[in-house]
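The values are calculated or read from the model by the stated rules, or taken from the named source; none is laboratory data. As the structure is a prediction and not an experimental result, all values here were calculated from the model. Virtual Cβ from ideal backbone geometry, glycine too; neighbours counted across all protein chains shown.
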Amino acid sequence: MTTSTAEVETRLTRRISNFLYQRSRVGLALLLAPPTFWLALVYIASLSALLITAFWSVDSFTGDIEHTWTLKNFATIVGESTYQAVTLRTLGIALSVTVIDVAFALPVAFYMSKVASRGWQRFLVISMTLPLWSSYLVKAYAWRSVLSSGGILDWILTPFGIPSPGYGLEGTVITLAYLWFPFVVLPIYTALQRVPNSLIEASADLGGGTIKTIRSVVVPLIIPGIIAGSIFSFSLTLGDYIAVKIVGGATQTLGTLIFTNVGTANNLPLAAAIAFIPLGIILVYLASVKRTGALDNL
Amino acid sequence: MQLPAIKIENLTKKFGDVTAVDGVSLEIAEGEFFSMLGPSGSGKTTVLRLIAGFEKPTSGMIRLFGEDVSNKPPFERDVNTVFQDYALFPHMSVTQNVEYGLTIRGIGKSERENLAKQALALVRLEGLADRKPSQLSGGQRQRVALARSIVVKPKVLLLDEPLGALDLKLREQMQVELKQIQRELGITFIFVTHDQDEALSLSDRVAVFNKGSIVQLGTPQDIYNKPVDHFVADFVGSSNYFDAKEAKQYFDQNAAVIVRPENIQLTESSNSGLGFSGEISEVIFLGDQNRVLVKLDTGKEIFVTEVSRAFGEQRKRGQKVTVSFDASLVSVLTR
């Protein structure tokens, strides 16, 4: 009797399957090893490296990193008013972007999930995600031209006597709000899809008008989606520096400060220390969100 | 004359090319338990949703105690709905669910608590006030949905297959309770169901729907004993159908007839010259009764139900029998 290679293969895979079935812990270990390795080495190790670097300093004469422990960098970012101002400004931008995105996303997501016909709904979901396929840089530069003097925004607003915001804080907020909008609208849309229409009808049936229904039934049920979206817009804004460089004019944010310190100033330890500010803010944000219990239903 | 609780005139609803409700007219009296019975897609639920205000009629009119409500939003109609999926608010406790409608009506806290407690007592759910809907069984959710709707004292209560998701025992129990609650509150119930037993046992009157129209409207007895056509006879209960030609042959009638299987007599073949002889081709034992399928010598097959015999000789396949009909128990179809 001859045995074909295919049969040998089947027998071998069967034996492996049987082995793993009987020793499920080995199977589990094999399954978890690659992601654990990735998380430990690439993610946690690099974060640790960042933390360690923040406690070193730079020899101002040679530009070399001195591997001696010092709290000098942290003293600088806590003590100097420039850093405090930039932190507050970045926080303000992140909050504005989040508020604007959520405010626009709620009605859009509601229309998409509850009002639009099936075909129209599919079209809208695609058009919401389509911008994610194009390059971040292209979109930022597109806004640069929209915001430029003599640009589209200028052309629209001037007849009404309103000056175009131009490059600066407002331009940064507008551009970032545009860039992160899909990340905010999609989780809210998904959350709304999971709210059965009968709940909305039941509220109306019991006498609830549109506003009462939205406030007492719809919003409480989609809070996890709103928070998921806000985490995206908030954290992405805190770390951004490219859009700020392109449309922000002279606006400094934590991102641009890190960029300058890594590049122009060649002060990696200070940049590492600054990087801990947004990290800290995000941790505080997540902790406060967790305390409201909104993440329990995720 | 007293105003009807609901008066529907020539109501039509189209979804695109599909006509879900096709010119329905009916009147429902105050305090009546009215059922809308029909297969799925017959338009009964759409009529209910039109009365509730979740859909706008394409044409026609709905009057609630004389007032035209056809184009009013649901929150301005004095009717409430018990939904098929119960539609309880998952983020609210049982009490909060029941108090929802009262809060909207601006009723104070202490009175609200009082009314909610009464409503929960009526549906026998006193102990579960602080639970969330996810911690309740199907039957309990059903009761909360009922309490939430009746606590705001609607003039008409709409029930959309409220017992559909419950198992048989619970369903029978809830049927009795629904009937009692309706009698106690004295409000009009409009009950949508595809279950004929439910419609017959609960209702004062039944409307049988098919293809968007009412085929027959009447008391449960009328519907069962005097069905107007083959569809009603077939959908409500089981029946033996004789088309016009067969009716002439067997009953000397000029129109199609139906005979309910319990209205047919089976006797041993030898002792009677009347009736039609045949042979038993199947016996199905159902506990309290037997369903017997008889093949007549003419080739016609007939279903007969008999009270089953606890002792003595049982019906058997192949037994020769005589089938006789009581002329007064034959229903002549009018359509």
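So in region B:112-131, with the set limited to residues that are part of a loop (DSSP other than H, G, I, E, B) and in contact with a Leu (Cβ under 7 Å, 6 or more places away or on another chain), which one is nearest to the other protein chains (Cβ to nearest Cβ)? Give the steps one after another, and end with the answer.
Step one: list which residues in region B:112-131 are part of a loop (DSSP other than H, G, I, E, B), which gives B:123-125, B:129-131.
Retained after the next criterion (residues that are in contact with a Leu (Cβ under 7 Å, 6 or more places away or on another chain)): B:123, B:129.
Values: B:Val123: 16, B:Ala129: 18 Å.
The residue in question is B:Val123.
Of the residues A:Ala45, A:Ala33, A:Ala29, A:Ala85, which is farther than 29 Å from A:Ile281 by Cβ and either in contact with a Cys (Cβ under 7 Å, 6 or more places away or on another chain) or surrounded by 11 or more Cβ atoms within 10 Å (Cβ to Cβ) (or both)? After applying the criteria, what remains is A:Ala29.
Filter region B:76-98 down to residues that are among the hydroxyl-bearing types (Ser, Thr, Tyr) and within 14 Å of another protein chain (Cβ to nearest Cβ) and give me whichever is nearest to the chain's Cα centre (by Cα). Give the steps one after another, and end with the answer.
Going through region B:76-98, the residues among the hydroxyl-bearing types (Ser, Thr, Tyr) turn out to be B:81, B:86, B:93, B:95.
After this cut, where a residue has to be within 14 Å of another protein chain (Cβ to nearest Cβ) as well, the list is B:81, B:86, B:93.
On the way: B:Thr81: 16, B:Tyr86: 18, B:Ser93: 31 Å.
Selected residue: B:Thr81.
Mind listing just one residue for me: the one in region B:58-70 that is free of Cβ contacts under 8 Å to residues at least 40 places away in the same chain and not polar (S, T, N, Q) and, of those, nearest to the other protein chains (Cβ to nearest Cβ)? Talk me through it step by step, then tell me what you get.
Step one: of region B:58-70, the residues free of Cβ contacts under 8 Å to residues at least 40 places away in the same chain are B:67-70.
Filter once more, so that each one left must be not polar (S, T, N, Q): B:67-69.
Values: B:Glu67: 17, B:Asp68: 19, B:Val69: 13 Å.
Looking at residues that are free of Cβ contacts under 8 Å to residues at least 40 places away in the same chain and not polar (S, T, N, Q), I get B:Val69.
When B:Ile51, B:Ile107, B:Ile62 are checked against the criterion of being assigned by the TED database to the domain that holds B:Val206 and surrounded by fewer than 21 Cβ atoms within 10 Å (Cβ to Cβ), a single residue qualifies: B:Ile107.
Could you go through region A:85-97 and let me know if any residue there is over 22 Å from the mean Cα position of the chain (by Cα) and either part of a helix (DSSP H, G or I) or at pLDDT 95 or above (or both). Spell out how you get there, then give the answer.
Looking only at region A:85-97, we keep the residues that are over 22 Å from the mean Cα position of the chain (by Cα), and these are A:85.
In the following step, the residues that additionally are either part of a helix (DSSP H, G or I) or at pLDDT 95 or above (or both) were identified as A:85.
Looking through region A:85-97, at least one residue is over 22 Å from the mean Cα position of the chain (by Cα) and either part of a helix (DSSP H, G or I) or at pLDDT 95 or above (or both).
Does B:Ile302 fit the bill of being more than 26 Å from B:Ser201 (Cβ to Cβ) and assigned to a strand (DSSP E or B)? Taking the combined requirement at face value, the residue satisfies it. Of all the listed residues (A:Ser113, A:Ser164), the sole one being polar (S, T, N, Q), outside any helix (DSSP H, G or I) and surrounded by 12 or more Cβ atoms within 10 Å (Cβ to Cβ) is A:Ser164. Among all positions in region B:99-111, there is no residue which is within 21 Å of B:Arg141 (Cβ to Cβ) and more than 14 Å from chain A (Cβ to nearest Cβ). Examine region A:143-158 for a residue that is touching a helix residue (DSSP H, G or I) at 6+ places or on another chain (Cβ under 6 Å), surrounded by 18 or more Cβ atoms within 10 Å (Cβ to Cβ) and free of Cβ contacts under 8 Å to residues at least 60 places away in the same chain, and state whether such a residue exists. Checked region A:143-158: at least one residue is touching a helix residue (DSSP H, G or I) at 6+ places or on another chain (Cβ under 6 Å), surrounded by 18 or more Cβ atoms within 10 Å (Cβ to Cβ) and free of Cβ contacts under 8 Å to residues at least 60 places away in the same chain.
For B:Pro73, the conditions (1) within 23 Å of B:Val21 (Cα to Cα); (2) more than 10 Å from chain A (Cβ to nearest Cβ); (3) surrounded by fewer than 18 Cβ atoms within 10 Å (Cβ to Cβ) are fulfilled apart from (2).
Among the residues of region A:186-204, those that are within 13 Å of chain B (Cβ to nearest Cβ), assigned to a helix (DSSP H, G or I) and not β-branched (Val, Ile, Thr) comprise A:Ala191, A:Asn197, A:Ser198, A:Leu199, A:Glu201, A:Ala202, A:Ser203, A:Ala204. Within region B:143-164, the set of residues being away from chain A (no Cβ under 12 Å), within 17 Å of B:Glu184 (Cα to Cα) and without any contact (Cβ under 8 Å) to a residue 40 or more places away in the chain comprises just one member, B:Arg143. Applying the set (1) over 30 Å from B:Gly106 (Cβ atoms); (2) of a type outside the set (Asp, Glu); (3) surrounded by fewer than 16 Cβ atoms within 10 Å (Cβ to Cβ); (4) touching a residue at least 40 places away in the same chain (Cβ under 8 Å) to A:Asn197 leaves exactly one unmet item: (1). Of the residues that make up region A:173-185, is at least one closer than 30 Å to B:Leu50 by Cβ and within 22 Å of the chain's Cα centre (by Cα)? Within region A:173-185, not a single residue is closer than 30 Å to B:Leu50 by Cβ and within 22 Å of the chain's Cα centre (by Cα). Take the conditions (1) part of a loop (DSSP other than H, G, I, E, B); (2) under 28 Å from B:Pro4 (Cβ atoms); (3) among the small types (Gly, Ala, Ser); (4) under 22 Å from the mean Cα position of the chain (by Cα); B:Ser70 misses just one of them, which is (4).
Can you tell me which of B:Arg148, B:Arg143, B:Arg124 is over 19 Å from B:Asp197 (Cα atoms) and surrounded by fewer than 17 Cβ atoms within 10 Å (Cβ to Cβ)? Please lay out each step first, then the result.
Numbers: B:Arg148 fails: surrounded by fewer than 17 Cβ atoms within 10 Å (Cβ to Cβ); B:Arg143 fails: surrounded by fewer than 17 Cβ atoms within 10 Å (Cβ to Cβ).
Exactly one of B:Arg148, B:Arg143, B:Arg124 is over 19 Å from B:Asp197 (Cα atoms) and surrounded by fewer than 17 Cβ atoms within 10 Å (Cβ to Cβ), namely B:Arg124.
Take A:Thr190 and decide whether it is assigned by TED's automatic domain parsing to the domain that holds A:Thr256 and surrounded by 14 or more Cβ atoms within 10 Å (Cβ to Cβ). Reasoning before the result, please.
On the way: assigned by TED's automatic domain parsing to the domain that holds A:Thr256: yes; surrounded by 14 or more Cβ atoms within 10 Å (Cβ to Cβ): yes.
Taking the combined requirement at face value, the residue satisfies it.
What do you reckon, is B:Arg317 among the basic types (Lys, Arg), at pLDDT 85 or above and under 18 Å from B:Ser238 (Cβ atoms)? Judged against the criteria, B:Arg317 is not a match.
Being within 14 Å of another protein chain (Cβ to nearest Cβ), in a loop (DSSP other than H, G, I, E, B) and modelled with pLDDT under 95 is a description that applies to A:Gly207.
Can you name the residue in region A:210-242 that is aliphatic (A, V, I, L, M) and under 30 Å from A:Tyr167 (Cα atoms) and is also farthest from the other protein chains (Cβ to nearest Cβ) among such residues? Quick ask: steps written out before the conclusion?
Filtering region A:210-242 for residues aliphatic (A, V, I, L, M) gives A:211, A:214, A:217-219, A:221-223, A:226-228, A:231, A:236, A:238, A:242.
Going one step further and asking which of them are under 30 Å from A:Tyr167 (Cα atoms), we end up with A:226-228, A:231, A:236, A:238, A:242.
Values: A:Ile226: 14, A:Ile227: 15, A:Ala228: 17, A:Ile231: 21, A:Leu236: 29, A:Leu238: 30, A:Ile242: 40 Å.
Looking at residues that are aliphatic (A, V, I, L, M) and under 30 Å from A:Tyr167 (Cα atoms), I get A:Ile242.
Return the residue satisfying two criteria in turn: it lies in region B:1-17 and is of a type in the set (A, V, I, L, M) and more than 22 Å from the chain's Cα centre (by Cα), and of such residues it is modelled with the highest pLDDT.
Going through region B:1-17, the residues of a type in the set (A, V, I, L, M) turn out to be B:1, B:3, B:5-6, B:8, B:11.
Remaining after also requiring more than 22 Å from the chain's Cα centre (by Cα): B:1, B:3.
Numbers: B:Met1: 58, B:Leu3: 87.
That would be B:Leu3.
For region B:10-44, residues that are outside any strand (DSSP E or B) and either outside the structural domain of B:Asp68 (by the TED database) or surrounded by fewer than 22 Cβ atoms within 10 Å (Cβ to Cβ) (or both) total 9.
Taking the criterion of being of a type in the set (D, E, K, R) and at pLDDT 95 or above, the only residue of region B:69-104 that qualifies is B:Glu99.
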